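Quick note: the coordinates plus some simple rules give every number you see, no bench work behind them. These numbers were taken from a predicted model, which means no experiment stands behind them. In this analysis, Cβ positions are derived from the backbone assuming ideal geometry, glycine residues included, and neighbour counts consider all displayed protein chains.
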Amino acid sequence: MKKIWILSVLILVGAIGAGLWLLGEEHAEIRASVSVAEAMGGGSEEGYLRASGPREFVFPEDHGPHPGYRTEWWYYTGNLFSQKGRQFGYQFTIFRSQLNPPDSGETGTAQGADWNTDQLYLGHFAISDVQNQNHVFDERYSRGAAGLAGAQVEPFEIWLEDWRITRLNPDESNDKNFPTRIQARMENGASIDIEVTPSKPLTLQGDQGYDKKGPEEGNASYYLSFTRMETKGTVSVGDDTFQVEGQSWMDHEWSTSALGEDQEGWDWFSIQLSNGYDLMYYQLRNTDGSISTFTTGSLIDPDGNKTTISPEDVNLEVTDRWESPHSGAEYPSQWTLEIPKENLRLELATLFDDQEMDVSVRYYEGTISVNGTMNEKEIGGQGYIEMTGYGED
């Protein structure tokens, strides 16, 4: 998204229109005018590679790009704290979109023309300043050509102009769980420069990394996560720069899938609990108000072992809502989440309301508080919520 199915398929597919605009115009105003259903339902899937079943992953190659699939993203969120306890949430995502199927004869692989490409890159970057209840965000996109944007394995790097994810310690032999550096700066000067290091093994979401989204053949993605990453570096907001430490979450997902006709959006949670457990749960919402049977999640224990969570396992109740003054969309803002079979009950709430991303496709991405019990013991935690498809006809 976001990057569940994260976030993300939808935002990326919706942004293709903005990216096509880029190829023809250099400057224009792009606002959130594409709905979730429209973004996820558009475009032919014929000729693209499809996620059709479990596969063997090979690293470091599978941390890099997968051309031939229509959409792909590298998605990071985290909660970071200064020495004086000031808290910042962040989201940093780079999306790759392939505009033509690999067998179309229009792959645009730069045969003597640096600008000739069928690869579009989109970036979303946001910082939530919890103390000041201020959410700042930026969006950019570019061709995957002429060095403007791209993704590669050797050396590992994902970039969009000066927004970059790069591998640290490239000479080390561990090609699966290596640390990375994230660097990004918005036009308003807000920035991050952080190092993220996995503290748990890589999680293969769904069925051994194959995450099915709907009943049709190929309506699925390949989905990898680092659910807990030690993080340190700097966050700059306004005129101030803060040394910070905390935890991050990373999703890497690729597919050629779209929302079904009866689906309108999702609610996706990534939660790191104080007892060492991590929880991913995304709820796909149908247009009739029901929850899709393809809703799923995973509970990761302190050693990195995964338990799959089905929608029948979860009771999720919205206990409060917030109406955006920007879009008029009404989003959930507080929840009670229960997983009885794991003896887990959580009270979740956005740390402040206004964390809406008003970009080429509008959605909500924000830091949340976590409190509750597991096995009758009190726990806390931190996390992120992503919500799509609200406020749309």
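Quick one: what are the phi-derived ³J(HN,Hα) couplings along the range 243-250, Karplus 6.51/-1.76/1.60 with θ = phi - 60°, whole Hz, x for glycine and proline?
6, 9, 9, x, 10, 10, 10, 10
Report P(r) for the range 146-246: all Cα-Cα distances, bin width 10 Å, range 0 to the bin holding the largest distance, values in whole percent.
Using 10 Å bins, I get a P(r) of 13, 32, 33, 18, 3, 0 for the range 146-246.
Using the structure shown, select from LYS176/LYS377; LYS306/LYS377; LYS200/LYS377; LYS212/LYS377 the pairs with a Cα to Cα distance greater than 28 angstrom. Mind dumping the intermediate values first?
Values: LYS176/LYS377 34 Å; LYS306/LYS377 21 Å; LYS200/LYS377 23 Å; LYS212/LYS377 34 Å.
From LYS176/LYS377; LYS306/LYS377; LYS200/LYS377; LYS212/LYS377, over 28 Å: LYS176/LYS377; LYS212/LYS377.
For the range 81-225, what does the equivalent ellipsoid look like in terms of its semi-axes, each the square root of 5 times an eigenvalue of the Cα gyration tensor, given largest first in whole Å? Don't skip to the answer; put the middle values down first.
Working: eigenvalues 166, 95, 65 Å².
So the equivalent ellipsoid measures 29, 22, 18 Å along its semi-axes.
For ASP358 and GLN131, what is the calculated FRET efficiency with R₀ set at 25 Å and r taken between the beta-carbons, to the nearest 0.05? Mind showing how you got there, number by number?
Details: r = 22 Å, r/R0 = 0.89.
Efficiency computed from Cβ-Cβ geometry: 0.65.
Based on the Cβ-Cβ distance from ASP303 to ALA146, what FRET efficiency comes out when R0 is 41 Å, to the nearest 0.05? Numbers along the way, then the final one.
On the way: r = 45 Å, r/R0 = 1.10.
Step by step, r from the Cβ atoms, then E = 0.35.
Which three lengths, in whole Å and largest first, does the range 8-387 cover when its Cα atoms are put on their principal axes?
Principal-axis extents of the Cα atoms in the range 8-387, largest first: 64, 49, 49 Å.
Take the Cα of GLU330, step 7 Å along the line toward its Cβ, and report every residue of the range 359-393 whose backbone nitrogen sits under 14 Å from that point.
Flagged as within label range: 390-393.
List, largest first, the extents of the alpha carbons of the range 158-311 along their principal axes, each in whole Å.
Computed over the Cα atoms, the extents are 47, 37, 30 Å.
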